[in-house]
Amino acid sequence: MASELERPPLLADERTALTGWLDLQRKILRWKCEGLGEEDAHRPVIETSPAMTMAGLVAHMRWTEHLWLEVAFLGGDETSNPAFDGSVEDGDWDTGGRALAELLAQYEAQCARSDEIVAAASLDDVGRHTGFRAGGANLRWMLIHLIEETGRHAGHADIVRELLDGSKGYY
């Protein structure tokens, strides 16, 4: 997959640049999972952060995409997203014991849904979720936040992968 990791065009319009950078960070996260066995995918390597496994990162990012675009932007039902379950700490990191391939498929499906939402809206459209302040941000702000969040966790995946088996590299 490393050959598929390309930045958006240097002279891209705003939408192409935003969606291009988001897609690149998503691809980096998926790339860091390539070739991992199930045991390693679920193995914590940071003692103080046991949920930060490769599988946990993928689960978290799936729910992050859902939170920002289906819930915050479209005003959808938050009850299906474990991030909103106050009774479970870091519920959006919980893999439920699911295989990495299943978690990646769920992430892929969520990213495809996110792409549909973004394609159908203006960057100036405002989110509809009134339950939290950032739910009133425009789509541009939410995309910038998703780029930041995905890039941050792609960096975590880089470190986790290196601690698991020594694999490293950006491109």
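See the values below:
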read-out	value
Filter result for the condition that a residue is surrounded by fewer than 16 Cβ atoms within 10 Å (Cβ to Cβ), closer than 19 Å to Lys27 by Cβ and of a type in the set (Val, Ile, Thr), over Ile159, Ile147	Ile159
Leading residue by the ranking (surrounded by the most Cβ atoms within 10 Å (Cβ to Cβ)) among those in the stretch 62-81 that are in contact with a Phe, Trp or Tyr (Cβ under 6 Å, 6 or more places away or on another chain) and touching a residue at least 24 places away in the same chain (Cβ under 8 Å)	Arg62
The stretch 30-55, residues that are in a helix (DSSP H, G or I) and small (Gly, Ala, Ser)	Ala41, Ala55
Residue in the stretch 151-166 that is at pLDDT 95 or above, in contact with a helix residue (DSSP H, G or I) (Cβ under 6 Å, 6 or more places away or on another chain) and under 20 Å from Glu14 (Cα atoms) present	yes
Only one of Val71, Val58 that is closer than 16 Å to His42 by Cα, among the β-branched types (Val, Ile, Thr) and assigned to a helix (DSSP H, G or I)	Val58
Every residue from the stretch 112-163 that is of a type in the set (Asp, Glu), over 30 Å from Val45 (Cβ atoms) and either in a loop (DSSP other than H, G, I, E, B) or in contact with a Phe, Trp or Tyr (Cβ under 9 Å, 6 or more places away or on another chain) (or both)	Asp124, Asp125
Residue match in the stretch 11-29 (condition: assigned to a helix (DSSP H, G or I), farther than 18 Å from Asp94 by Cβ and at pLDDT below 95)	no
Options Ala2, Ala112, Ala55, Ala101: the member that is among the small types (Gly, Ala, Ser), over 14 Å from the mean Cα position of the chain (by Cα) and modelled with pLDDT of 95 or more	Ala101
Complete set of residues in the stretch 27-51 that are closer than 20 Å to His145 by Cβ and either crowded, with 22+ Cβ neighbours inside 10 Å or not basic (Lys, Arg) (or both)	Ile28, Leu29
Residue under evaluation Phe132, criteria (1) farther than 13 Å from Leu67 by Cα; (2) more than 12 Å from the chain's Cα centre (by Cα); (3) loosely packed, with under 15 Cβ neighbours inside 10 Å, criterion not met	(1)
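This table checks each residue for (1) in contact with a strand residue (DSSP E or B) (Cβ under 8 Å, 6 or more places away or on another chain); (2) touching a residue at least 40 places away in the same chain (Cβ under 8 Å).
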residue	(1), (2)
Gly91	no, no
Asp124	yes, no
Ala157	no, yes
Arg161	no, yes
Gly166	no, no
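The values are calculated or read from the model by the stated rules, or taken from the named source; none is laboratory data. In this text the structure is predicted, and so the values were computed from the model without any measurement. Reconstructed Cβ throughout: ideal geometry from the backbone, glycine too, with neighbour counts over all protein chains shown.
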